[in-house]
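Reading through the structure tokens given below for one structure.
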Amino acid sequence: MSRIEQLIGEIEEYIDSCKFQPLSNTKILVNKEELEELLVELRLRIPDEIKKYQKIISNQDAILSEARTQADAMLAEATAQTNELVNEHEIMQKAYASANQIVEEAQQQAQAIVDNAVMEANGIRQGSIDYTDDMLKSLQTIITHSMEGAQNRFNEYFESMKSCYDIVTSNRDELAGSVTGGEEEAAPTAEQ
């Protein structure tokens, strides 16, 4: 298991261990610093994982080089056999036929080795791309959940502040009404 997978597991465990927000079964309280530390470490580990898979892909050149070396060795062997058989005409014809067959087999084997190496390298490359995409998708999901949680907390805070504001406004309106009403009652008394 890679360190990135461990970090994602730790983030999931951390989220599972968070307490639910009062009066809610879906919203949780998150320690921002802890979550940010896990996300920073995850962000730092992703390039290491990518380098690891690039190293695997770079081994493709070694495999291709080995295949070429084997092909060259087979061609050299075929050439040596051909030179030995060139002594007589009948032997020469057999040598050409045998050499051509060896060269053709060597080329087929070399091509098969190269094709297999390319297929393996492409499979490793695609696997590393898929793995990196999965990691980024998981990170994106975590960030989305964090953003949604923050937005919900902000909305609740805003609604709470608006409720307080409405109460204060209502109280001021009541006070303004009682002050105006008191002055109207006092005015007729002064005229009497």
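Which residues, counting only those in the range 14-35, are of a type in the set (Val, Ile, Thr) and surrounded by 12 or more Cβ atoms within 10 Å (Cβ to Cβ)?
Within the range 14-35, 15, 28, 30 meet the criteria.
Looking at the range 136-153, which of its residues are open to solvent by 60 Å² or more (accessible area, probe 1.4 Å) and under 14 Å from residue 5 (Cα atoms)?
Hits for the range 136-153 are 136, 137.
For residue 38, are the conditions met, namely being surrounded by 12 or more Cβ atoms within 10 Å (Cβ to Cβ) and in contact with an Asp or Glu (Cβ under 8 Å, 6 or more places away or on another chain)?
yes
Among the numbered conditions (1) open to solvent by 90 Å² or more (accessible area, probe 1.4 Å); (2) at pLDDT below 90; (3) under 24 Å from the mean Cα position of the chain (by Cα), tell me where residue 128 comes up short.
(1)
The values are calculated or read from the model by the stated rules, or taken from the named source; none is laboratory data. A quick note: this is a predicted structure, and the numbers were derived from the prediction, not measured. Don't worry about glycine lacking a Cβ; one is built from the backbone with ideal geometry, like all the others, and counts go over all protein chains shown. Remember, those area values only see protein heavy atoms, side chains included, never the ligands or the DNA or RNA. Shrake-Rupley method; radii C 1.70, N 1.55, O 1.52, S 1.80 Å.
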